1. How far is helix 353-374 tilted, in degrees, relative to the longest principal axis of the Cα atoms in the chain, given as a value from 0 to 90 rounded to the nearest 10?
2. Given a Förster distance of 35 Å, report the FRET efficiency between N548 and A431 from their Cβ-Cβ distance, rounded to the nearest 0.05.
3. Quick one: Cα centre-to-centre distance for the stretch 1-38 and the stretch 272-303, in angstrom?
4. Compute the relative contact order of the stretch 10-167 as a whole-number percentage, counting only Cα pairs closer than 8 Å that sit 6 or more residues apart in sequence.
5. Give me the distance in nm between label points sitting 7 Å out from Cα along the Cα-to-Cβ direction at I240 and K558, one decimal.
6. Taking 0.36 nm per residue of sequence separation and subtracting the Cα-Cα distance, how much length would be gained by fully extending the chain between R590 and F5, in nm to one decimal?
7. Rounded to the nearest 0.05, what FRET efficiency is calculated for V270 and F214 with R0 set to 51 Å and r the Cβ-Cβ distance?
8. Looking at the square roots a ≥ b ≥ c of the eigenvalues of the Cα gyration tensor of the stretch 104-164, which shape do they give, rounded for a/c under 1.5, prolate if a/b is larger than b/c, or oblate?
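The values are calculated or read from the model by the stated rules, or taken from the named source; none is laboratory data. All figures in this text were calculated on a predicted structure; none of them were measured in a lab. We place every Cβ from the backbone using ideal geometry, glycine too, and count neighbours over all the protein chains shown. Heavy atoms of the whole protein, side chains included, go into the accessibility calculation; ligands, DNA and RNA do not. Shrake-Rupley method; radii C 1.70, N 1.55, O 1.52, S 1.80 Å.
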Amino acid sequence: MAQFFKKTLTTFLFWRIKHISNKQFIYLLSMLVGFTSGVGAVLLKNFTHFIQHILESNIIQYYHHAFYFLFPIIGFTLVYLIITYVIRNRVSHGIPSTLYAIAKRKGIMKQYQMFGSLLTAPITVGFGGSVGLEGPTVATGAAISSNISRLFHMNQNARNLLIGCAAAGALSSIFKAPIAAIIFAIEVFSLDLTITSLLPLLLASLSAILTSYFFFGNDVLLPFRITENFDLKDIPFFLILGIISALVSMYFTEVYDRIQKLFDQINSNVMRLIIGGVIIGVLVYFIPPLYGEGFDVMNNLIAGDPEKALQNNFLGLDLTEFWVVIFLMAGLVMFKIIASAVTFGAGGVGGIFAPTLFMGSIMGNCIARIINKFEIFGLQVSETNFTLVGMAGLMAGVLHAPLTAIFLIAEVTGGYELFIPLMLTSTISFALTKYFYPHSVYTMELGRKGELITHDKDHAVLSLMDIDKVVETNFIPVTGDMTLGQIVHEAVIKSNRNIFPVIHRDTKKLKGIILLDDIRPIMFDRSLYEEVIAKDIMQIPPEVIDLNKDKMISIMKKFQDSNAWNLPVTKDGEYIGFISKSKLLTVYRRKLIDITH
């Protein structure tokens, strides 16, 4: 059977090369990728809602509230067992793992990633994990598109483009927002906006949204249409909303990062599961709106009925009191990111898109209520509009995706009446957050390592270059105690290079370098052959490249600052070889041609 499939595929590939151009084939694959992303979204959503309906709508509602505490631990345990015994590989968070594949694996994603999130994310969210499904949907679609690309022998550029198509398809299917989905793929995955990339993205987004309509009909996550128009007098309040969005975005990023680092210090997966499960269980037991994605809460806020979402508060507080509602809503904003970060730390699989929207909607609603309560400047504002713009503000700050935030809210609300406040709030939130936190939650880890692909073409090319391919090892090392005579006979005569690394005889640690120019004046004076030793004539290199720490961008900067043509390379202090500026520039030019054609 395998032989027959291989033969059929080979026949098809030859036929394709003769009859279908590469560009046309990418268009066809983009539609296929959009369809598979749409199906992935349908499966994830339905599986999650099925679990959530059984647990929350039946068991908790008709039996006991205490199940809120038990379900997260059970869910994390099931996810742990599936990852350990079924998938047998680590299931990474959706969008960061996809960005890593583009940056460091040439767009190649492993086969298990096609179903890893499909099996684990619905259980995580369905059993109360406080995360979203958007990231896993993108990861599933991206993994499928990567493997389809490999099946049909597409190059790296086409693979990366089709991964972007999968991301666009996933978001288009989930939110029924095809334009925002395309912008998301360009903004988050740093795709070039050209006709070559735009048409595949359009086709994938269209294919995915048609798939979503086929399975879900007209149902949408945020079923709302704007009824209150934007008023120019509200601009100062939207400016304030933008600043507060930036502050909450920074809080989100900082809390997420710190909690992840705390869980990283726990070596045992079982201990992480237990600690995280107990924390989430306690949080969800006392604050039920933190259970799962939270779209019901958002829809209640948009509809102007937050009390419905808060009616199960454990303190039994009176929801007719203004400050009680504000206090509870502020608590949801503060604790949502804690619950989300702990879910990830415990081993849950999900995304941060939904938590961002959740927090943003509550934040916006809170601010509007306070403005209306005190009638600041004698004005009243629309709580619904502030709820929606708050989502965009936080999305722009946390995800560093202001255009996606603007177009997503504009599309899901069915119009562009809020376009000005969306632009204003998103721009302020993004600019302030970006100043203090250069990398989003998605790109934080890659950004720290210098491995992030960005819209900066030079930066992108350097990030994609493989350091191992530019290290040259045809240099003859000498030791510090070698005499001039030994250096001449054992190194200079045998080498075709004009630089010699000086290393420790036993540890192989780099001690310095000797240039041919350093010994040329004395190398023909035989009387000095036994008197002069290597450490007398060696010099300290202007810079040393550390394989463990330095990335291509920092390597290029070292060449620029030192004005050297060759720099030694070490790993854990041990000499490895040299990188030459000429080899580096040659590889750079080749990579630039690869990613621009």
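1. Taking the Cα atoms of the chain, the angle to 353-374 is about 50 degrees.
2. The computed FRET efficiency comes out at 0.50.
3. When both Cα centres are located, 44 Å separates them.
4. With pairs under 8 Å counted, the relative contact order is 32 percent.
5. For the pair I240/K558, the computed spacing is 5.2 nm.
6. Between R590 and F5, full extension yields an extra 207.1 nm.
7. Efficiency, rounded to the nearest 0.05: 0.75.
8. prolate
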